[in-house]
Amino acid sequence: MTARSHWNGVRMRTTQAAADPDDAPRAVTLPVDWDDEAAAALARMTPGRGPVRLATEAARWVDDIAAGPHAAQARSLSCLLMLRQAAPTESLWTGQYDRRPGFVVNLAGFVQPGAGFVADDFVAALRLVCAMLRDAADRKAALRNGELPFPDPAPRKGRKVRPVEDDTPLLRQVAVAGDLLLTNLDACLATLGLDYDSDIARDVACDLASLATLVAHAGAGADALLLPPARSVVPGLAETARAVWREAAVETDAPLPRIETGFSAPGPIDALLGVEACGLAPIFSPLRADGRLAASTLARLAHRRLSPEAAFAAALAGETVLSLPDAQAHQAMHRALAGFVDRMPARPDPAELPLRSLLALERGVRRSLPARHGGFTQKASVGGHRLFLRTGEYEDGTLGEVTLTPARESPMTRGLLDTLGQAVSIGLQYGAPLEAYVDAFAYTRFGPAGTVEGDPVASYATSLLDYAFRALSDAYLGRRLPDAPHQDDMEDAPSPMLPLDFPDGSGGAPPRRAGRLRLVG
């Protein structure tokens with residue numbers, strides 16, 4: 001493999017990594033500045049159980065796609081991977097040509113200290129990977145599944161059909177030659193000193209996405225190209241975009257096969273490139289998985305001329321050093337980029353928890369309520385038994401604490417309800433969904449039960465817990481549950497308190513005495 005020689009002179013280290021915690025670790029050799037997550041991703045993409053060397057695995061796909069007249073491009077492809085600027089998708093890395101090939105481009109890898117975003121290198125890298133994708137699609141088109149037209153049915157016997165000569169290259173029949181996926185947008189903006197949730201950051205993101213789309217659609221003609229954004233705050237980016245547009249607007253007689261642009265999804269390739277947040281998603285946490293400050297956090301602090309120690313002191317003093325983006329900022333970026341790439345990922349849901357909270361909950365970290373928090377207190381009665389329902393909320397309005405306090409019940413009942421409220425609160429703070437508690441406790445049947453007074457959310461409850469969790473469902477899930485059918489526990493039971501009258505006995509027997517009413521204390 002000739003591409004292995006391109007890694008000579010690169011300092012390497014060997015670590016133990018496994019694709020799954022249950023698998024036996026393997027020896028993985030990779031550059032010294034690559035983290036353990038990249039080693040685990042490399043072990044995942046390499047079949048077998050033996051040692052893994054990045055230079056050997058990279059040489060497989062480099063020598064495969066940089067073949068023939070493109071052999072001189074093997075060094076450039078290796079350099080893109082060394083600098084963690086671009087890498088092929090998993091299907092192309094593993095040689096699965098029956099699936100659509102593609103490249104993942106790390107936007108943060110084209111930001112250099114002191115020079116900003118190197119637009120010329122970015123365009124050169126995009127043109128290189130687009131040429132490699134088209135060449136690979138041309139040579140491997142016979143292996144593609146589901147993207148080639150079906151052959152004409154075989155003629156019946158005795159029927160002469162003149163064959164139609166179709167000299168169209170097989171590549172022209174392929175719908176899409178490959179994908180060009182952008183990733184690590186927020187880290188790129190952080191290195192440029194821009195906050196994710198700002199108009200300037202969204203303008204720069206649109207510039208980068210439109211530039212990639214123009215390079216991918218080169219030769220399609222002016223009518224098929226989108227216009228680059230009118231303004232750009234990154235020096236030299238607007239001029240590069242206009243020059244690329246003029247070149248791409250020249251329509252050719254034989255249009256190049258289409259390459260679609262989009263954003264990457266979480267996978268081993270993003271981990272291999274050292275991506276902090278895949279695609280266009282923001283970086284919701286200033287810390288890495290090991291608890292250290294992320295590279296994007298250090299970059300934003302450096303642009304604010306703050307050291308980590310000074311930022312920590314300011315945070316202890318109650319100042320907001322860095323404003324972390326939320327789901328609304330993610331949705332605003334999604335709306336801004338729509339139309340500048342061919343395929344957009346699913347629209348983020350702003351009603352969900354911020355991803356930083358979800359990541360913390362996945363690691364088993366309890367999300368405690370702040371000392372001063374919001375919530376409400378509801379006083380109601382169920383069947384004449386009063387109950388106080390109190391809630392505690394996080395800053396984003398989600399439920400984090402529940403307290404159930406009956407007014408005049410036995411000490412055992414008060415203790416059980418108080419303990420149940422604490423158990424539910426701990427579960428909510430560890431990420432348990434409120435829907436699960438509502439499904440478990442709504443419509444439970446035990447006394448006291450009856451008419452609900454003081455809260456219009458219900459008119460009848462089968463128990464105190466039935467009312468409480470139906471009220472929580474209405475307040476925090478936006479789902480009002482209907483009342484259960486009324487059930488009179490004494491409907492079919494006999495009444496021993498009433499006198500019993502028996503009819504006259506047959507055969508002249510004297511009638512029985514009617515029972516007298518007794519008071520049972």
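Summary of values
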{"item": "Summed side-chain charge close to Gly262 - residues other than Gly262 whose Cβ falls under 12 Å, Lys, Arg +1, Asp, Glu -1", "result": "-1"}
{"item": "Around Ala24: net Lys/Arg minus Asp/Glu count, Cβ-Cβ under 15 Å", "result": "0"}
{"item": "Coil-residue GluC sites (Glu not before Pro) of the range 247-329, DSSP, other Cβ within 10 Å capped at 15", "result": "Glu251, Glu319"}
{"item": "The range 385-403-the range 287-350 distance, computed between alpha-carbon centres (Å)", "result": "30 Å"}
{"item": "Asp121/Leu420 FRET efficiency (R0 45 Å; Cβ-Cβ; nearest 0.05)", "result": "0.15"}
{"item": "Spacing of the two label points (7 Å from each Cα toward its C-beta) at Ser323 and Ala440, in nm", "result": "3.9 nm"}
{"item": "Computed E for Asp290/Glu453 - FRET, C-beta separation, R0 41 angstrom, nearest 0.05", "result": "0.15"}
{"item": "Of the trypsin sites (Lys or Arg not before Pro) in the range 401-489, those whose Cβ has at most 14 other Cβ within 10 Å and which sit in DSSP loop", "result": "Arg408, Arg445, Arg479, Arg480"}
{"item": "Extended-chain gain in nm, criterion 0.36 nm per residue less alpha-carbon gap, Arg343 and Ala371", "result": "5.6 nm"}
{"item": "Extension gain (nm, one decimal) between Asp138 and Ala314, 0.36 nm per residue minus Cα-Cα", "result": "57.6 nm"}
{"item": "Extension gain (nm, one decimal) between Arg304 and Thr14, 0.36 nm per residue minus Cα-Cα", "result": "100.7 nm"}
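Coordinate-derived values only; no laboratory data. As the structure is a computational prediction, the values presented were derived from the model and not from experiment. With ideal geometry, Cβ positions are generated from the backbone for all residues, glycine too; neighbour counts draw on all protein chains shown.
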